[in-house]
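Undergrad: Please find one structure pasted underneath; my questions will follow.
The values are calculated or read from the model by the stated rules, or taken from the named source; none is laboratory data. As the structure is a prediction and not an experimental result, all values here were calculated from the model. Please note: Cβ atoms are built from the backbone with ideal geometry, for glycine as well, and neighbour counts cover all protein chains shown.
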Amino acid sequence: MSVRPVRIDFAGTPRPVRLLGTVLAAVGVAAALWAWAEVRDAQDERDRQTERLDDTRRLARRAMPAIERATAPGREAPDREMVAEVRAANEVLDRLALPWDALFADVERALGPDVALTLVQPDPKGRTVVIDGEARHLNALLTLLARLDAAPALAEAHLRQHEWRVTDPNRPLAFTVEARWTPVR
């Protein structure tokens, strides 16, 4: 058995650069730069939104003392017109905050092919909804009532009024339904 001599080159000959390793390194650097840019953009957007929120709070604080000064002891109360405007604005805000989409989705799910609605009138203060429409036959109306009563946001659906439209050649059944509405927020 003979042992082959081992050649050790301490100076090292340069290895050829592998293309795959270079491409992967470049892709990694590019991905890191992209991620860094996205984080910076998100931080900038957060800073802009925080600044807008602070501006809004500052403006609200600036407007508040005027109302407080008007109602401070020894000063005259705000005029009735301003109080009425504030109440009306608060009522609009309360109406906008209600889950209208859920109500209309429940009503639409309750509809069948033989029922057409002519009016959906919710009353958020009274927690009721009045629905007017026409049905082709009595079973379609009864099915609508059952489906409305089973809807998550509606309960106690009942028929308030109904009449056959004898002047119409299709003779639809016109109806008015009322249901208790419990908005789920």
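Undergrad: Just to be sure, is Ala72 modelled with pLDDT under 90 and either over 30 Å from the mean Cα position of the chain (by Cα) or of a type in the set (Gly, Ala, Ser) (or both)?
TA: It is true that Ala72 is modelled with pLDDT under 90 and either over 30 Å from the mean Cα position of the chain (by Cα) or of a type in the set (Gly, Ala, Ser) (or both).
Undergrad: Mind checking whether some residue in region 168-182 is within 23 Å of the chain's Cα centre (by Cα), hydrophobic (A, V, I, L, M, F, W, C) and either part of a strand (DSSP E or B) or over 18 Å from Ala110 (Cβ atoms) (or both)?
TA: yes
Undergrad: Return yes when Glu91 is modelled with pLDDT under 85, outside any helix (DSSP H, G or I) and charged (D, E, K, R) and no when it is not.
TA: no
Undergrad: Return the only residue of Asp114, Asp132 being among the acidic types (Asp, Glu) and touching a residue at least 40 places away in the same chain (Cβ under 8 Å).
TA: Unique residue meeting the criteria: Asp132.
Undergrad: Could I ask something else about it? So which of Ala153, Ala110 ends up being over 30 Å from Asn170 (Cα atoms), within 23 Å of the chain's Cα centre (by Cα) and either assigned by TED's automatic domain parsing to the domain that holds Trp164 or among the small types (Gly, Ala, Ser) (or both)?
TA: Testing whether each residue is over 30 Å from Asn170 (Cα atoms), within 23 Å of the chain's Cα centre (by Cα) and either assigned by TED's automatic domain parsing to the domain that holds Trp164 or among the small types (Gly, Ala, Ser) (or both) leaves just Ala153.
Undergrad: Let me ask you something else. Output the residues belonging to region 138-161 that are in contact with a Leu (Cβ under 6 Å, 6 or more places away or on another chain) and assigned to a strand (DSSP E or B).
TA: Scanning region 138-161 gives Leu154, Ala157.
Undergrad: Name, by its number, the condition in (1) at pLDDT 85 or above; (2) surrounded by 13 or more Cβ atoms within 10 Å (Cβ to Cβ) that does not hold for Ala84.
TA: The number of the failed condition is (2).
Undergrad: To continue, here is another question. Restricting to region 138-185, count the residues that are surrounded by 13 or more Cβ atoms within 10 Å (Cβ to Cβ) and among the basic types (Lys, Arg).
TA: Count: 2.
Undergrad: Hey, another quick one. Among the numbered criteria (1) among the β-branched types (Val, Ile, Thr); (2) at pLDDT below 85; (3) touching a strand residue (DSSP E or B) at 6+ places or on another chain (Cβ under 7 Å), which single criterion is violated by Thr128?
TA: Status for Thr128: all satisfied but (2).
Undergrad: Among the listed residues Leu103, Leu117, which satisfies the condition of being modelled with pLDDT of 80 or more and assigned to a helix (DSSP H, G or I)?
TA: Numbers: Leu117 fails: assigned to a helix (DSSP H, G or I).
Every option except Leu103 fails the conditions.
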